[in-house]
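Undergrad: Here's a structure for you.
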Amino acid sequence: MNSKGLDYTLLTIVIIGAINWGLIGFFRFDLVAFLFGNMSWFSRIIYALVGLSGLYLCSAYGRIRSISGQA
């Protein structure tokens, strides 16, 4: 998978995580826990993937800045 494909995949995961946090904040409804169980091994994997995806996408700031500086 090229870098652009990885970026889009991880961005999608982060967006899903953000929607889940919005549901928790507004409605006290945890979609991941509803679908996969409260802190089951599978839901913990999903939470970990969302967190790792967010950490990776922090590098997007540097890439965006370097691209916009070249324009």
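The values are calculated or read from the model by the stated rules, or taken from the named source; none is laboratory data. Since we're looking at a predicted model, the values are computed, not measured. For neighbour counting, all protein chains shown are included, and Cβ atoms are generated from backbone atoms with ideal geometry for every residue, glycine included. What goes into the accessible areas is simple: the full protein's heavy atoms, side chains included, and nothing from ligands, DNA or RNA. Shrake-Rupley method; radii C 1.70, N 1.55, O 1.52, S 1.80 Å.
Undergrad: Report the calculated FRET efficiency for ILE24 and ILE64 (r = Cβ-Cβ distance, R0 = 25 Å), to the nearest 0.05.
TA: Using R0 = 25 Å, I get an efficiency of 0.30.
Undergrad: How far, in degrees from 0 to 90, does helix 3-27 lean away from the longest principal axis of the Cα atoms of the chain, to the nearest 10?
TA: 40 degrees
Undergrad: What relative contact order, as a whole-number percentage, does the chain give when Cα pairs under 8 Å and 6 or more residues apart are counted?
TA: 34 percent
Undergrad: Rounded to the nearest 500, what is the 222 nm mean residue ellipticity of the chain from helices alone, with -39500 (n - 2.57) per DSSP H run of 4+ residues and division by all residues?
TA: -27500 deg cm²/dmol
Undergrad: Can you give me the accessible area per residue for region 19-70, using a 1.4 Å probe, in Å²?
TA: 82 Å²
Undergrad: Measure nothing but the geometry: give the 0 to 90° angle between the long axis through the Cα atoms of 41-57 and the longest principal axis through the Cα atoms of the chain, rounded to 10°.
TA: Long axis of 41-57 versus the principal axis of the chain: about 20 degrees.
Undergrad: For helix 59-70, report the angle its Cα long axis makes with the longest principal axis of the Cα atoms of the chain; keep it between 0 and 90° and round to the nearest 10°.
TA: 30 degrees
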